[in-house]
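The values are calculated or read from the model by the stated rules, or taken from the named source; none is laboratory data. The structure presented is a predicted model; accordingly, all values stated were derived computationally and were not measured. Cβ sites come from the backbone with ideal geometry, for glycine too, and all protein chains shown count toward neighbours.
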Amino acid sequence: MSGWFMAARSRLVLLALVLLANVLVAPGFLELRLVDGRLFGGIIDILNRGAPVMLLAVGMAPVIATRGIDLSVGAVMAIAGAVAAASVNAGHTWPVAVLAALGTGLACGLWNGVLVTIFRMQPIVATLILMVAGRGIAQMITQGRVLTFTDDGLAGVSSATLLGLPLPVLIALAAAIITGLLVRATALGLFVEAVGTSPRAARLAGVPTPGILIGVYVWSGLMAALAGLIAAADIRGADANNAGLWLELDAILAVVIGGTSLYGGRFSIGLSVLGAIILQGMRTCILRSGLPPELNLLLMALVIALVLVVQSPACQPALSHLTARLTKRRAA
Amino acid sequence: MMRINARTLPMLATLGVFVLLYALCAVQYPAMLSSRVIANLLTDNAFLGVLAVGMTFVILSGGIDLSVGAVMGFTTVALAVMIEGAGLHPLVSFTIVLVGGALFGCGVGAAIHWLKAPPFIVTLTAMFLARGAALLLSTDSIPVRHEFYQTLSGLSLTLPGGGRLGLIALLMLLAFVAGGVLLHFTRVGLKIYALGGNARFAGLMGIDTARTTILVYGVSSTMAALAGIIFSLYTRSGYALTGVGVELDAIAAVVIGGTLLSGGVGGMAGSLIGVLIQGLILTWITFDGSLSSWWTKIAIGMLLFIFIGLQRLILQFSAPTGRTG
């Protein structure tokens, strides 16, 4: 556990900096108010807005740990939203719609997993297929329109409040905790990392490689479907063109900021969620500051560039040298 | 002999699919055979073709370039700002964006080589950078009214049957020829194939992998800048959100054209056919009139699936000791 906090320290510093920037931009940022049994405030807002990317990051981290990538999550969000909206419009109740959407996410994940595992496609290609075709499928379901719905139960996925917190925040946190327990309280996490480090060695050591690989993609599909439900409930409609557009990139960024190695073999659910919160914090800060929102893209590029330089094998010796010197000085 | 088959078979299959599709279209709509439709097919997809030339280099070298759409968008805005805002002559502006594009790509290639970072994430960063810079220049669509643009748009080669092959279509074909020569008839091309086949072995054989990587991404970004020039001439305007998602179309064209995404196997001619297949599907949907454009996405997704599956099969049969992972 202390290792986790060591790894989390630099990200927590980054988060603190982002929050500080937010406070400088909007002085009342840290205030929390309880209105009608629901908490309001800047931090709640960041968590609420960031919930979809947090969910996607929870699904993406294990995929990247197997040295894979899931480019299709944005498209899966659009399909899941479209399926949910179409089901309530066809007269089904909202729990049925939610289950249908989640089932769709599972099916999409299974498709990706089968392509990667059984057809042995490179993950970037396998998921590219669904990324390209997925929005077409979503548009087929919505008939090319924004499919609006009036069902309050389904809209509640985004607007309901439980224990004073918005439901999306609770869904994202629950998903993160369940996933974290699944991978760390059992050997599943180790299996995932083993597959990412060396698929061959993992297979020889008796790790059920195909099952693990399919499993991570299915999980990613499920998380994307949850995120898609939130996105659709948020606008009370399924927008096949724009729901989850480019969010796969945000999710990958969140995971990378969280220190998950793009070379596979190492991942952390908690840090990936932290990465998603940092990203949303940056976005909120720029929006509140009145700076052009376009700066956000440049800032994101800068942050990844920084993470890449720090992560790069070429910089590792210099960095470890620096840390060693710092620790020595502190000891002296 | 087997290896030659394995290399050319996907390309021949693509050519077969194109001819078959075209025949089906022509049976349904005989007007599809007119040289006007053919000329339009080349003109409307000129920017995509130029992007595919650069992407072929990158994918053959074992990489991927997600930044091309953003570089193209940036180029259209930069051109509009330079020509309309600063009053530069279009030819001067063209030179500036081409050189700028080349330098940008070299930077990306250098980052990939020396940071040892996956190309996918470095070019993603480059994409954010270029798109953000374009949006900072202007969020509005800027019309370009320079008379030189009118002159260039007027230039065309009249085909028998009345089809007019515009300057931009000719530029695209020229890019394919130049790319094909560089790739298939020069030492540089061989080095790119070697790098894509196995980067470590290429290094051990004495190939300068740093220079080759930088060159590949430099070419890709230059092509993206050229695509931006073409798009700017095509629409006579500059807009920062031009070409969102077009990198995926370029990748799809290259893959459908028979180039393996793992690098080292493929060629330039296939990519042209890959572009034309996508254009043909769009043209057919336009002719049909009742189908929405989202069918294009589903069709391209299905084609990608079929072609990648086909490649897997061919690879498995041609190389029984094939690499895993």
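Would a scan of the stretch A:182-201 turn up a residue that is acidic (Asp, Glu), in contact (Cβ under 8 Å) with a residue 60 or more places away in the chain and part of a loop (DSSP other than H, G, I, E, B)?
Quick first cut of the stretch A:182-201, residues acidic (Asp, Glu) only: A:193.
Next, only the ones that are in contact (Cβ under 8 Å) with a residue 60 or more places away in the chain stay: A:193.
Those still in the list that are part of a loop (DSSP other than H, G, I, E, B) too: none.
The answer is no; no qualifying residue exists.
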Out of the stretch B:92-128, which residues are without any contact (Cβ under 8 Å) to a residue 60 or more places away in the chain, of a type in the set (A, V, I, L, M, F, W, C) and under 14 Å from residue A:252 (Cβ atoms)?
B:117, B:120, B:121, B:122, B:124, B:128
Subset tally (residues that are touching a helix residue (DSSP H, G or I) at 6+ places or on another chain (Cβ under 6 Å) and either more than 10 Å from chain B (Cβ to nearest Cβ) or at pLDDT 85 or above (or both)) for the stretch A:105-125:
11
Within the stretch B:118-158, the residues that are surrounded by 15 or more Cβ atoms within 10 Å (Cβ to Cβ) and not in a helix (DSSP H, G or I) are B:118, B:138, B:141, B:142, B:144, B:146, B:156
Looking only at the stretch A:204-235, count how many residues are assigned to a helix (DSSP H, G or I) and modelled with pLDDT under 85.
0
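Going through the stretch A:248-272 one residue at a time, which ones are over 18 Å from residue A:221 (Cβ atoms) and of a type outside the set (A, V, I, L, M)?
At the first step, the residues of the stretch A:248-272 found to be over 18 Å from residue A:221 (Cβ atoms) are A:253, A:256-266, A:268, A:270-271.
Within the stretch A:248-272, A:258, A:259, A:260, A:261, A:263, A:264, A:265, A:266, A:268, A:270 meet the criteria.
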How many of the residues making up the stretch B:130-184 are within 29 Å of residue B:217 (Cβ to Cβ), more than 17 Å from the chain's Cα centre (by Cα) and free of Cβ contacts under 8 Å to residues at least 60 places away in the same chain?
3
Pairing a residue in the stretch A:263-292 that is farther than 16 Å from residue A:10 by Cα with any residue that is charged (D, E, K, R), where Cβ atoms lie under 6 Å and the two sit 6 or more apart in sequence or on different chains, gives A:264/A:67; A:265/A:193; A:280/A:49
Could you check the stretch B:205-252 and list, in sequence order, the residues that are at pLDDT below 90 and of a type in the set (Lys, Arg)?
B:236
All-but-one check, residue A:64 against (1) within 29 Å of residue A:303 (Cα to Cα); (2) modelled with pLDDT under 90, failing number (2)
Log entry, pairs with first residue in the stretch A:112-124 being closer than 17 Å to residue A:212 by Cβ, second being in a loop (DSSP other than H, G, I, E, B), beta carbons closer than 7 Å, six or more apart or on different chains, reads A:112/A:70; A:112/A:72; A:115/A:121; A:116/A:68; A:123/A:68; A:123/A:69
Among all residue pairs at least 6 apart or on different chains, which show Cβ distances below 7 Å where the first residue, located in the stretch B:2-14, is under 20 Å from residue B:302 (Cβ atoms) and at pLDDT 60 or above and the second is surrounded by fewer than 18 Cβ atoms within 10 Å (Cβ to Cβ) and not aromatic (Phe, Trp, Tyr)?
B:10/B:310; B:13/B:310
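Applying the selection to the stretch A:271-314, what residues are part of a loop (DSSP other than H, G, I, E, B), farther than 17 Å from residue B:121 by Cα and within 12 Å of chain B (Cβ to nearest Cβ)? Give the steps one after another, and end with the answer.
Filtering the stretch A:271-314 for residues part of a loop (DSSP other than H, G, I, E, B) gives A:290-294, A:312-314.
Checking the rest, the ones that are also farther than 17 Å from residue B:121 by Cα come to A:290-294.
Selection gives A:291, A:292, A:293, A:294.
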Could you list, in sequence order, the residues of the stretch A:17-42 that are without any contact (Cβ under 8 Å) to a residue 60 or more places away in the chain, among the charged types (D, E, K, R) and either surrounded by 13 or more Cβ atoms within 10 Å (Cβ to Cβ) or assigned to a strand (DSSP E or B) (or both)?
A:33
Checking residue B:8 against (1) farther than 20 Å from residue B:183 by Cβ; (2) surrounded by fewer than 20 Cβ atoms within 10 Å (Cβ to Cβ), the condition it does not meet:
(1)
Report, by residue number, each residue of the stretch A:11-39 that is over 19 Å from residue A:302 (Cβ atoms) and among the basic types (Lys, Arg).
A:33, A:38
Of the residues in the stretch A:48-91 that are more than 14 Å from chain B (Cβ to nearest Cβ) and among the polar types (S, T, N, Q), the one that is farthest from residue A:183 (Cα to Cα) is A:89
Suppose we filter B:180, B:218, B:203, B:243 for residues that are in contact with a Cys (Cβ under 9 Å, 6 or more places away or on another chain) and either under 28 Å from residue A:127 (Cβ atoms) or part of a helix (DSSP H, G or I) (or both); which single one remains?
B:218
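Run down B:281, B:298 and say which single residue is out of contact with any Asp or Glu (no Cβ under 9 Å at 6 or more places or on another chain), under 22 Å from residue B:172 (Cα atoms) and among the β-branched types (Val, Ile, Thr).
Values: B:298 fails: under 22 Å from residue B:172 (Cα atoms).
Matching residue, one of B:281, B:298: B:281.
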Matching residues in the stretch A:167-177 - criterion: being in contact with a helix residue (DSSP H, G or I) (Cβ under 6 Å, 6 or more places away or on another chain) and over 16 Å from residue A:228 (Cα atoms):
A:176
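Could you check, for the stretch B:85-97, whether at least one of its residues is hydrophobic (A, V, I, L, M, F, W, C) and under 20 Å from the mean Cα position of the chain (by Cα)?
Let us first name the residues in the stretch B:85-97 that are hydrophobic (A, V, I, L, M, F, W, C), namely B:86, B:88, B:91-92, B:94, B:96-97.
Narrowing further to those that are under 20 Å from the mean Cα position of the chain (by Cα): B:94, B:97.
Yes.
Of the residues B:70, B:80, which single one is in contact (Cβ under 8 Å) with a residue 12 or more places away in the chain and touching a Ser or Thr at 6+ places or on another chain (Cβ under 7 Å)? Write out each step before concluding.
Details: B:70 fails: touching a Ser or Thr at 6+ places or on another chain (Cβ under 7 Å).
Exactly one of B:70, B:80 is in contact (Cβ under 8 Å) with a residue 12 or more places away in the chain and touching a Ser or Thr at 6+ places or on another chain (Cβ under 7 Å), namely B:80.
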Which of the residues belonging to the stretch A:252-263 are away from every other protein chain (no Cβ under 12 Å) and crowded, with 24+ Cβ neighbours inside 10 Å?
A:254, A:258
Go through (1) over 30 Å from residue A:117 (Cβ atoms); (2) assigned to a helix (DSSP H, G or I); (3) of a type in the set (Gly, Ala, Ser) for residue A:57 and report which single condition fails.
(1)
I need the full set of residues from the stretch A:257-294 which are under 16 Å from the mean Cα position of the chain (by Cα) and either more than 27 Å from residue A:179 (Cα to Cα) or charged (D, E, K, R) (or both), in order please.
A:283
Return the residues of the stretch A:148-160 that are part of a strand (DSSP E or B) and either within 14 Å of chain B (Cβ to nearest Cβ) or touching a Leu at 6+ places or on another chain (Cβ under 7 Å) (or both); say none if nothing qualifies.
none
